[in-house]
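Structure first, then comments.
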Amino acid sequence: MSGKREQRQKKRHSKTPLIIVLILIVAVLITVAIWFRARSGTNETVESSENSQTAETAETNENTDGDETGEDEVEAETETESDAESALPEVQESSSLTLSSVYTSSILNPDCGGEYAEEIASLEVTNSSSNYLVSATLTATMSDGTEVNFAVYDLPAGATAEIFDTENQTLDSGVTCTALVCTSEEYIDEDVLMSDTIEVTVSGSDAIITNTGDSALTSLTVVYHCDMAGQYFGGTSYTITIDSLAAGESYTLSDSTLMGEVAVVRIYQ
């Protein structure tokens, strides 16, 4: 009996290491499987992340390109609008007036009694003749059909004035000038400053008028403009009368209502 028991115990002991080995092999296989699975998942995650980043980058580039395209379109539209505003038709019925620009201003309008106006048309006009311009009137037709009237008075040869709508019409934004017609103009060819007997000098914002002749001068009409940095402000001219100016006597002309300096353009009796 004891011999059989010993044999059975030996058989049991011999099976134990085999079972342990099998368990270890299974454990190793499970561990390897888990490792490969985890590695595969990591690769998929990385690949997915990379694809996502690539897609986002591509979308960002597309948006950037779209923004740049939009900016280019806006810039092109701005340039077109600017060109349209700066484009000026040739003046009809005048060979002696040069117009450089039409634009809008919000000012106390010297060409409409000093009344304040917003977004009214203004025009730069130059007397390109060799004679003195007594007066001229112009009509501008805008792209919306509005007609704007201008007038300029007493403009010496070569002088430039910024003139304004005489009716203070507020213009809509974006309108452009499509036609300009000079409806009237008058010139004279004479010594408009009586330089044989009168000398005009500038003192600050004033003008000094001196009788350089040998006899008194009476009933002198002095015409002047508001000069701002070498350009007349407004097409309107102003006048004063000097009743008498003895030989060698001077008269100081000042006008505190002007925004600029006094510029004497004509003196006559």
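Any read-out appearing in this document is the output of simple, stated calculations on the displayed coordinates, not a laboratory observation. Worth saying up front: this structure is predicted, and the values here are computed from it rather than measured. No Cβ is skipped: glycine too gets one built from the backbone with ideal geometry, and neighbour counts run over all protein chains shown.
How many times 2.2 N^0.38 Å is the alpha carbon radius of gyration of segment 128-212?
The value comes to 1.48.
Is any residue of segment 220-244 close enough, with backbone N under 15 Å, to a label point placed 7 angstrom from the Cα of Thr257 along the Cα-Cβ axis, and if so, which?
Under cut-off, by backbone N: 223-227, 234-241.
Work out the P(r) tail for segment 202-269: percent of alpha carbon pairs separated by more than 20 Å, whole number.
28
Need the C-alpha centroid separation for segment 192-269 versus segment 94-109, integer Å.
Between the Cα centre of segment 192-269 and that of segment 94-109, the gap is 25 Å.
Taking the Cα of Asp189, stepping 7 Å toward and past its beta carbon, and measuring to each backbone N in segment 145-171: which are under 11 Å?
In segment 145-171, the label zone of Asp189 (backbone N under 11 Å from the point 7 Å along Cα→Cβ) covers no residue.
Return P(r) of segment 136-269 (all Cα-Cα pairs; 5 Å bins starting at 0; whole %; ordered from short to long distances).
Each 5 Å bin holds this share of Cα pairs: 2, 9, 17, 19, 16, 13, 9, 6, 5, 3, 2, 0.
Check which residues have an amide H placed less than 5 Å from Leu253's amide H, if you skip close sequence neighbours.
Ala207, Ile208, Ile209
Using the Karplus curve 6.51 cos²θ - 1.76 cosθ + 1.60 with θ = phi - 60°, what ³J(HN,Hα) values do you get for each residue of segment 167-178, in whole Hz, with x for Gly and Pro?
So the J values, rounded to whole Hz, are 10, 6, 7, 6, 9, 6, 5, x, 6, 10, 8, 10.
Where the only charges are on Cβ atoms (+1 Lys, Arg; -1 Asp, Glu), what is the dipole of segment 132-255 about its Cα centre, to the nearest 20 debye? Could you put the intermediate results ahead of the total?
Details: 0 positive and 20 negative charges, 32 e Å.
The dipole of segment 132-255 has a size of about 160 debye.
Could you pull out which residues in segment 239-262 have an amide N less than 13 Å from a spot 7 Å beyond the Cα of Leu108, following the Cα-Cβ vector?
Label zone hits: 256-260.
Just need the Rg to Rh number for segment 103-159, please, alpha carbons only, Kirkwood Rh.
My calculation of the ratio gives 1.01.
Taking 0.36 nm per residue of sequence separation and subtracting the Cα-Cα distance, how much length would be gained by fully extending the chain between Gln169 and Ala216, in nm to one decimal?
12.2 nm
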